[in-house]
Each structure stands twice: as structure tokens, then as C-alpha cells.
Amino acid sequence: MNVVLAETPLDIAALRAQFPLLARTVHGGKPLVYLDNANTAQKPVCVIEAVDRFYRERNANVSRAVHALGEEATGLYEGARDVLARFIGAGSARELVLTSGTTMATNLVAYSYLLPRLAPGDVVLTTVMEHHANIVPWQIVCQRTGARVVAAPIHANGELDVAAFIGMLGPQVKLACVTHVSNVLGTINPVAELAAACRKHGVPLLVDGSQAVPHLPVDVRALGCDFYAFTGHKMCGPTGTGGLWARREILAQMPPFFGGGEMIREVRIEGSTFADPPARFEAGTPNIAGFAGLAEAVRFLEGIGMARIAAREQDLLRYATARLREVPGLRIIGEAPHKAAVISFMVEGAHAHDLATLLDLEGVAVRSGHHCAHPLMRYYDVPATCRASFAFYNTEAEADALLDALLKARALLA
Ligand code: PMP
């Protein structure tokens, strides 16, 4: 239970001191201003040490050995499942499949849940603002079955057209999918409202929580969705970690997607029987060190408090947005009233990649490109945007540095 009050101010300097990489310089001594957190977050010492400690002191495989090390490794891995399940509000750790990230989670749902249920004429409902990880897996299984993917529209300010989304629900829809927070627009979608509408129509809802779990308090049961996917590296954890939460009764109906060791009950050459979820979906040796690190990341985030993280990032969003508006010709893409600290922008007369390259020379790391969201780029009729994405460890001074670098770049490019 997180009892930290959102109002208690954070000691940002002390927090930053726990992230070695934030002290780095680039391009001949320029202090790094890391504003690419939606891409991946930096890691605190406790996470780095947990991974290091695993390989130095505990390296063994899970579930296969009765020796002390094997038991310790298994304890770490299953302990991480417990920590993560509690963190996202799961009813039980048995509802949480540990995956390599969101992409693995959506593909698991596509092949194990959706594919056996699809028939010609069926529909998967997604939205125009989704990451490719929440579009392409559905397209691949739809192509095999004669079903199709349709996308709910958004409003020009980057808000989901909720009425249109709900209007597109119906008996032909076999799965609805929506991002909790857009990685490009920052829009926070009204997931609980969408889940209630989906339930009324008997349509299961998958939520892509990649950009939500690191930034907001998340309670999957309170949201009322059926699947919730997230990725560890955006929440200060190691790459190659993440999870898929699903209702127990849904997981119980899903056949395995990957076969191999650890996911079976009994194997004979004529056929096999499978373990109960979640082991059924975790064939092979998992990223044990990574999950040891991810459990530490969760403890670290909980130590700060997700409410305080959300409040701090809202302050940064307000401050940085106001500062960016000072740049002549700068257009922000995504101005939903309810949004996370992600600011996509374009500057008149400058290509996003050129801009990002010049910002980088000043030490300011932003992402430029399509952000794995081609349909959204098409909707706004732009080839690419620059994106500054903040984390709780960023500062107002870094937003100022972004502004200064932008003004300098603009002068060069104009
Ligand atoms: N969905 C969203 C909204 C994302 O931002 C990302 C990562 N950029 C993903 C899915 C995919 O996450 P991963 O590559 O870690 O599987």
C-alpha cells in the first residue's frame, strides 16, 4: 500500500544521484539532458546492482535444480512476479505471465487467445494512436483468418474519439485494444470507461500499459480490462522484461503459444499436456537477472510513490509545454487535457531528424521519427515528429536546456 502523499516534494538531486548515467556528458563535455524516457528509462543503482548481484552470487536456472542456487534463482524470479503483480493490482501472481516486454505480450494474446477465435468477417478494434506492437500482431492473425483490423478515430487535439470507439463495438468485434497512454501524444485514455462499454458488448479489452505503468498508479482490476501489457525497461528496469496480466479465467482457456521446457506437465512423443498458467506461457529459460532487476525497479518506484511521480511529471509537463510555446513556429502535436509528460513537436521549416541531430549536439537527447506509430503520423499528415519525454528525475533546468538548444537549432535551420 502506497501511503506517500502526492504533495510531499521530491528531493530531485538526491534521486538523480542514484542514476549514474544522468551524470554523463556527451559531445565533448556537454551535460547529458536525457529526454527520451518514453523510449527507455535510465536505471538506478539498485537495479544495476541487482542484475550484477545475480550473476556474481546467484546465477542458476529456475525451477530445474534442487540445489541452493537454483532455489535462490527461482525465488528471485517468482518473487519478481509477486512484486509486479501487486504493483499493478493483480488479484494473484498466477494472473501474471512474465514476458520480454509488451511486444511479446501482445503477440501472445494474438496467437494464443485471438487466432483460435477469429472467423472471416470478424473484427479487431484498435485506435489510430496505437504503437505498432498494438496493431501488427492483430493484422498478422487477421490475415490468416479473413478477419480485419479497424481503428477508432481521434480528435485533432489527440484525444480518443470515445463515442466513435464505443459505437464501433458489436458482436463481430472479438478483441478491442487501446493504449493507456500514447507514446507520441501523451494522451491518457479513459480506460475504465472504455472497459465498461466493452463489457456491455461482451468484447474483451486489451490495454497497452507500456507508457502508463512507469508514470501513473495502475490498478488493473479497478480499470476493468481483460488484458494489460507492460514493459520493464520503461519503468527503470532492465530490457527484455515485462508482463501480460489477464483474468484468470481467460488465461485458463488459452492454449500455449511457445512450446518447450518448463511449460509442460508431461511430454510423450505422441503428445504433451501443459502446465497451468502462467508457466504454460513461459517456455524456456527466462530473463532471470532482468526480473531480479525489475523487482528492484518496482521497489524503487514504490519507494518514491507513484502518486508523487505522477504529480512531479505533471509539473514538468506544464513547465516544459509553456517554455516550448516560446519557440516561434513550434507546433505541439497532442494537446489532450488529460496527458502524460510526453511532448511531440515540429518546428516550421525544420525536419524532425535535423532538429534532433542539432539538439543532440547540445547534449539534449530527444527522439525523432514516426515513433512506431505510422497510422498516427498519417492522421496528422506528418512524416515524423520530435518527441521530448520526461521522467520524474528530469528537471526544469533540463526543460530550459531543451528550449535553448531549440532556439539555437532553429536559428541554424531557418
Ligand atoms: N506500446 C507502446 C505505447 C510503447 O511505447 C512501446 C515501446 N516504445 C511498446 C508498446 C513496445 O514495447 P517493447 O518494445 O518494450 O515491447
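A short reminder: the numbers here are calculations on the coordinates, not readings from a lab. It should be emphasised that the depicted structure is a prediction, and the values quoted were computed from it without experimental measurement. Here the Cβ positions follow ideal geometry from the backbone for every residue, glycine too, while neighbour counts run over all protein chains shown.
Fewest Cβ neighbours within 10 Å first, please rank MET346, MET129 accordingly.
Values: MET346 21, MET129 28.
Lowest count first: MET346, MET129.
By count of other Cβ within 10 Å, fewest leading, how are THR74, THR99 ordered?
Details: THR74 17, THR99 26.
With the sparsest Cβ surroundings first, the list reads THR74, THR99.
Could you work out the relative contact order of region 305-413, using alpha carbon pairs under 8 angstrom and six or more residues apart, expressed as a whole percent?
On the way: 135 pairs, mean separation 36.2, N = 109.
In percent, rounded to a whole number, it is 33.
Using alpha-carbon positions, what is the distance between the centroids of region 221-279 and region 283-308, in Å?
Region 221-279 and region 283-308 have Cα centres separated by 18 Å.
Apply the Karplus parameterisation 6.51 cos²θ - 1.76 cosθ + 1.60, with θ equal to phi minus 60°, to every residue of region 173-182 and state each ³J(HN,Hα) to the nearest whole Hz, in sequence, with x for glycine and proline.
Working through the residues one at a time gives 7, 9, 7, 10, 9, 8, 7, 6, 10, 6 Hz.
Please identify the DSSP H helices in the chain that span no less than 18 Å along the helix axis (Cα) and have a mean Kyte-Doolittle hydropathy of 0.5 or more.
On the way: long enough: 68-87 (28 Å, -0.03); 288-304 (25 Å, 1.23); 306-324 (26 Å, -0.19); 396-413 (25 Å, 0.62).
Those that pass (Cα extent of 18 Å or more, hydropathy at least 0.5) are 288-304, 396-413.
GNM, the chain, Cα, under 10 Å: largest mean-square fluctuation among GLN42, GLN253, GLN211?
GLN253
Size of the dipole of region 49-302 about the Cα centre, Lys and Arg at +1 and Asp and Glu at -1 on the beta carbon, nothing else charged, in debye to 20? Present the calculation step by step, with values, prior to reporting the outcome.
On the way: 21 positive and 24 negative charges, 95 e Å.
Dipole size: approximately 460 debye.
Count neighbours as other Cβ atoms within 10 Å of each site's Cβ, and list the GluC sites (Glu not before Pro) in region 311-414 that are DSSP loop with at most 10 such neighbours. Mind showing how you got there, number by number?
Numbers: sites: GLU313, GLU326, GLU335, GLU348, GLU362, GLU396, GLU398; in loops: GLU326, GLU335, GLU348, GLU362.
Answer in residue order: GLU326.
For region 52-184, what is the convex hull volume of its Cα atoms per residue in Å³? Don't jump to the answer; show the numbers that get you there.
Values: hull volume 20.7 nm³, N = 133.
Expressed per residue, the convex hull around the Cα atoms of region 52-184 is 156 Å³.
Provide the three semi-axes, in whole Å and in decreasing order, of the ellipsoid equivalent to region 305-413 as defined by the square roots of 5 times the Cα gyration tensor eigenvalues. Numbers along the way, then the final one.
On the way: eigenvalues 94, 62, 28 Å².
Result for region 305-413: semi-axes of 22, 18, 12 Å.
Place a +1 charge on the Cβ of each Lys and Arg in region 18-167 and a -1 charge on the Cβ of each Asp and Glu, then give the dipole magnitude about the Cα centre in debye, rounded to the nearest 20. All intermediate terms of the calculation are to be shown ahead of the outcome.
Values: 13 positive and 13 negative charges, 58 e Å.
In total the dipole reaches around 280 debye.
May I have the extent of the alpha carbons of the chain along their three principal axes, as whole Å values ordered from largest to smallest?
Result, largest extent first: 71, 55, 38 Å.
Give the residue from PHE291, HIS131, ILE88 lying farthest towards the positive end of the charge dipole for region 49-302; charges sit on Cβ (+1 for Lys and Arg, -1 for Asp and Glu) and the dipole is referred to the Cα centre.
HIS131
Below 11 angstrom from the Cβ of LEU114, what's the summed charge of the other residues (Lys, Arg +1; Asp, Glu -1)?
+2
Mean separation of Cα pairs under 8 Å and 6+ residues apart, divided by the residue count of the chain: what relative contact order is that in percent? Write out the running numbers ahead of the final one.
Working: 834 pairs, mean separation 95.3, N = 414.
Relative contact order here is 23 percent.
May I ask you to give the average projected area over all directions of the convex hull of the Cα atoms of region 195-279, in nm² rounded to one decimal? Before the final figure, lay out each step's value.
Numbers: hull surface 28.7 nm².
Across all orientations, region 195-279 yields a mean hull projection of 7.2 nm².
List GLU302, GLU130 from most exposed to least, where exposure is judged by having the fewest other Cβ atoms within 10 Å. Display every interim value, and only then the final one.
Values: GLU302 16, GLU130 26.
Exposure proxy ranking, most exposed first: GLU302, GLU130.
So how much slack lies between ARG64 and ALA164, counting 0.36 nm per residue of separation and subtracting their Cα-Cα distance, in nm? Kindly include the intermediate steps, with their values, before the conclusion.
Numbers: separation 100, 0.36 × 100 = 36.00 nm, distance 5.03 nm.
Stretched fully, the ARG64-ALA164 segment lengthens by 31.0 nm.
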